[in-house]
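The values are calculated or read from the model by the stated rules, or taken from the named source; none is laboratory data. It should be emphasised that the depicted structure is a prediction, and the values quoted were computed from it without experimental measurement. In this analysis, Cβ positions are derived from the backbone assuming ideal geometry, glycine residues included, and neighbour counts consider all displayed protein chains. Heavy atoms of the whole protein, side chains included, go into the accessibility calculation; ligands, DNA and RNA do not. Shrake-Rupley method; radii C 1.70, N 1.55, O 1.52, S 1.80 Å.
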Amino acid sequence: MTSQPDRKALTRAAFAAAAVLTVVTVAGAAPGAGAAPASPAGTPKLKLIAASKAVTLDRWEGEPGVYLDLGTYVTVDGAPLELNVTRKSYKDPVVARQILRNGTHTTTRTLPAGLVKDFSGLPGFLEVSVKNAAGQEVTRSKGTFCPNNASGRLRPDAPATSHYPESCSTNPFTLGSVWGVEKGWAANSSTVDYDKPVDLPVGEYTATVSVAKKYRDLFGIPNDHPTVKVTVRQTDDGTTGGSTSGGGTAGQRSASPSDPHAQHAQHAQHAQHATGAGHAGHHFGPRGADAPTPGALPHALEARGLAHHLGDGLGHTDGSRVAPALRANGQRPTGRAGVPANVPKPDLRSLPAWDIAVTDGEDGDVPGKDYLAFSANVWNAGPAPLVVDGFRTPGADLMDAYQYFYDAHGKQVGYAPTGTMEWDPRIGHEHWHFTDFASYRLLSADRTRQVRSGKEAFCLANTDAIDYTVRNANWHPYNTDLSTACGQQNSISVREVLDVGSGDTYTQYRPGQSFDISDLPNGTYYIEVKANPAHRLQETDLKNNVSLRKVVLGGTPGARTVQVPPYDLVNAP
């Protein structure tokens, strides 16, 4: 019944055989809150290492294979490794540039055209060959290297913390990313593809790992081939065992929603939630709701790791990290509301819908009907964060919401009433939602008639890095965890923040968050995603709040289909 589209991140260009390196010198440091400090002159020296001579991988009961986290790392010394990855628009290819800093000057080296195809990392970077005890090769693979993967210091004189982002974006509509490894640090190079486990029976193996020649030549990496002894063992449930590798957790940065390495390490912790512990019969995912219809799992969830192992719980609802709590002001703002004319404001923009599929609905939906499900994202292009506080009158069902404004030094200089927050009591939600943040409509082929509509209240969280190259982008957003950002039933106040450069992805698989298309005729329609629909939020530009995604419905009742044409160069149904 479910129509599953092919999921291709981007139209892939062929890799240019000859390296085309463009060098540009500009004054000043990189823009934004994540800008790097000046570094001594020099080129980063990269090396592939294995942290341990042996790893143990668990084959979880009921799963088709194991996940090859071999504990291999790329070490960086001499100077930081930094890459700026952007595209001008969805009609333009992705361009990756290496940033080399020298005091107040920055040298930019453009990587070969077509080498980097999306924002998930350097594709085909790691080459892995696994042989069994008899010396026969049983699997060979290539993996993408995200420099922002789980990292750690190599020595005590290295920078104490990394200022680079903590993951590589897998959102198909990302516009700009920053990848980096500090000097004296190492980043996990093992690629764990949770969509494609490796079918290795219980036993002993030897893995040989190397860096692809095109990257060795590009970055001057030695042609090393570390070997790792691999033991595959059977694990009967999610409460025992645990994948172990040289990576471990010591010195590892907090994992972000798209960092699969830390998520897999937390498998056992999540298993109690995946089996319904705490709320019998329910199965929780990154946005805190029941799991979607089997076979219709949104890619936004798949990209965060093995989605059915992601778990929710007190202080831990996005399945990846526990973020610091965001505290609202102690009391409602006083004095006359007002927004100074020149104060920085956020710029909310919507992305085109993706992960579009026909489903038969979820718990609570009408049996026998067809639903058009999709994922949507509204992000903040800055230059100021969106900060909203909610205040509750004792016993009231709603909170009064206020938007705050700050000057360049972070001092609050104004506020404005901006609607309400409501408590969502549904199991798996159970937090406060800010109303009127976004709306969804299904439009006719000529885009003049609304045929279906939906409006969803949101708990704002920085789930996706959409463009970390915009001015004032925060590479380390605080509220990536819904439970810390959205309060509890007995909360008297709540603060929700959407940081500059980040967006809030909401996967539309829950009841009421997809369009009922049962009685719609086949044909062409458009999914409209609109940010700030009632204009209750103050922002810099209201003309970029709407995005449209074309869909073509077909099939028959009970067996409806949907075709989703590419959006310019982005082929992400």
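The table below lists the values:
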| read-out | value |
| --- | --- |
| Qualifying residues in the stretch 399-413 (those that are over 19 Å from residue 434 (Cβ atoms) and surrounded by 14 or more Cβ atoms within 10 Å (Cβ to Cβ)) - the one nearest to the chain's Cα centre (by Cα) | 407 |
| Of all residues in the stretch 150-168 being open to solvent by less than 10 Å² (accessible area, probe 1.4 Å) and closer than 22 Å to residue 211 by Cα, the one that is nearest to the chain's Cα centre (by Cα) | 168 |
| The stretch 331-371 - residue that is assigned to a loop (DSSP other than H, G, I, E, B) and aliphatic (A, V, I, L, M) and, of those, surrounded by the most Cβ atoms within 10 Å (Cβ to Cβ) | 353 |
| Residue that is farthest from residue 97 (Cα to Cα), among those in the stretch 45-60 that are open to solvent by 20 Å² or more (accessible area, probe 1.4 Å) and not in a loop (DSSP other than H, G, I, E, B) | 59 |
| Matching residues in the stretch 223-241 - criterion: being within 25 Å of residue 48 (Cβ to Cβ) and either assigned to a strand (DSSP E or B) or of a type in the set (D, E, K, R) (or both) | 224, 227, 228, 229, 230, 231, 232 |
| Answer residue from the stretch 187-208, given it is under 27 Å from the mean Cα position of the chain (by Cα) and of a type in the set (Val, Ile, Thr) and is modelled with the highest pLDDT among those | 198 |
| Subset of the stretch 335-359 that is without any contact (Cβ under 8 Å) to a residue 40 or more places away in the chain and of a type in the set (Gly, Ala, Ser) - its residue that is nearest to residue 410 (Cα to Cα) | 341 |
| In the stretch 61-81, the residues that are open to solvent by less than 10 Å² (accessible area, probe 1.4 Å) and in a strand (DSSP E or B) | 66, 72, 74, 76, 81 |
| Filter pass, residue 174 being among the polar types (S, T, N, Q), under 30 Å from residue 376 (Cα atoms), modelled with pLDDT of 95 or more and open to solvent by less than 80 Å² (accessible area, probe 1.4 Å) | yes |
| Checklist (1) in contact (Cβ under 8 Å) with a residue 24 or more places away in the chain; (2) open to solvent by 20 Å² or more (accessible area, probe 1.4 Å); (3) under 30 Å from residue 571 (Cα atoms) applied to residue 213, failing item | (1) |
| The stretch 527-569 - residue that is over 17 Å from residue 345 (Cβ atoms) and touching a Gly at 6+ places or on another chain (Cβ under 8 Å) and, of those, most open to solvent (accessible area, probe 1.4 Å) | 563 |
| Search result, residues across the stretch 114-140 that are hydrophobic (A, V, I, L, M, F, W, C) and surrounded by fewer than 16 Cβ atoms within 10 Å (Cβ to Cβ) | 133, 134, 138 |
| Filter result (basic (Lys, Arg) and open to solvent by less than 40 Å² (accessible area, probe 1.4 Å)) within the stretch 83-110 | 87, 101 |
| Strands (runs of 3 or more DSSP E) contained entirely in the stretch 176-222, each with at least 2 residues that are among the hydroxyl-bearing types (Ser, Thr, Tyr) | 203-211 |
| Boolean, residue 408 is of a type in the set (A, V, I, L, M, F, W, C), outside any strand (DSSP E or B) and modelled with pLDDT under 90 | yes |
| Members of the stretch 384-405 that are modelled with pLDDT of 90 or more, part of a loop (DSSP other than H, G, I, E, B) and either farther than 22 Å from residue 535 by Cβ or among the hydrophobic types (A, V, I, L, M, F, W, C) (or both) | 384 |
